[in-house]
Amino acid sequence: MPGGTSAVELVCSQRDNIPIALAVMMSMGVLLAFSFVFISPSNEAFPVLVIDAVLIGGSTAFFLVTYYYCTKRAMDD
């Protein structure tokens, strides 16, 4: 964008904070795994557990891809 900052530059400027977000997502994943042990598919809370798993998995994938892209972009510069 002329005269401004692109969204990619804004996200990549926070590259040092992405490992912290990844650590939080992974710890949430570990806690979610403990929940799968105690909740059966017949339980009413099971759909919430599945939705949470999708959100945590998607967020972790987003942060991993973003970190990889920003690191590669910084090395190319």
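Summed over the stretch 46-63, the residues that are farther than 27 Å from ILE18 by Cα and either surrounded by 11 or more Cβ atoms within 10 Å (Cβ to Cβ) or touching a helix residue (DSSP H, G or I) at 6+ places or on another chain (Cβ under 6 Å) (or both) give a count of 1. Show me the helices (runs of 4 or more DSSP H) found entirely inside the chain where at least 2 residues are among the small types (Gly, Ala, Ser). In the chain, the matching helices (runs of 4 or more DSSP H) lie at 18-38, 46-76.
Can you work out which of the residues in the stretch 33-77 that are among the charged types (D, E, K, R) and without any contact (Cβ under 8 Å) to a residue 40 or more places away in the chain is farthest from VAL11 (Cα to Cα)? So the residue we want is GLU44.
Computed from the coordinates by the stated procedures, all read-outs in this text should not be read as laboratory data. Bear in mind the structure is a predicted one, so any value in this text is a computation, not a measurement. A quick note on method: Cβ atoms are made from the backbone with ideal geometry, for glycine too, and the neighbour counts reach across all protein chains shown.
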